[in-house]
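I have placed the structure first, in the form of structure tokens, so that the comments after it can refer back to it.
Values quoted throughout were computed directly from the atomic coordinates according to the rules given, and no laboratory measurement underlies them. As the structure is a computational prediction, the values presented were derived from the model and not from experiment. Cβ sites come from the backbone with ideal geometry, for glycine too, and all protein chains shown count toward neighbours.
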Amino acid sequence: MKIGELAGRTGLAPSRIRFYERIGLLKVERQSNGYRTYPPQAVLLLDLIAAAQQAGFSLDEIRTLLPPDLAQWKHGTLIETLRSKVQDIEALQARLAQSKAHLVALLAEIEAKPEEIDCAANARRVLSRIRSGELESPVLATGDVTTLRKASRRRPVRAG
């Protein structure tokens, strides 16, 4: 089938199909006139690529997941790869939950700013409490502390 028909069957733009071909995810035959001819299994392959991307797989991961010939696809390898991706997603969720907890604790501490001090002084106060271990919130990552330090050095915006 030609690229227009394949695009119609899959809902993908021809440019995306050519991109998948260019990066090696999709094999195509060329006719003598230069037209691309796609095998019937190209529809299934493109649907698998789309499903894998929606599941969070990168194109590089998809390239290693899909064999050159779908008839050679090993069930055990597929199951192992999918389980590994589930574990990756669970680890990411745990890191995101931890980051959220850090931000919520930091936000609460910043919101508790005494009225008599400005924002920069409050940032110094919060940093001091983090460094001393006074805060029961989890320790911030180095990048977070650096960001707070920079914020504490900024001059406040004055309403004009």
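The table below lists the values:
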quantity	calculated
Per-residue Cβ neighbour rank within 10 angstrom, fewest leading, Ser58, Ser32	Ser32, Ser58
Fully extended contour minus Cα-Cα distance, from Lys100 to Ala55, at 0.36 nm per residue	13.9 nm
Hits among lysines - C-alpha to C-alpha of Lys27 under 23 Å, sequence gap 8 or more where chains match	Lys2, Lys74
Potential extension, Glu111-Arg131 segment - 0.36 nm per residue separation minus Cα distance	5.3 nm
Mean Cα-pair separation over length for region 1-142, i.e. relative contact order, pairs under 8 Å, 6 or more apart, %	14 percent
Overall Cα dimensions of region 3-73 - principal axes, largest extent first, Å	37, 25, 19
Extended-chain gain in nm, criterion 0.36 nm per residue less alpha-carbon gap, Gln41 and Arg124	23.7 nm
Using a Förster distance of 25 Å, the FRET efficiency for Arg16-Ser84 (Cβ separation, nearest 0.05)	0.40
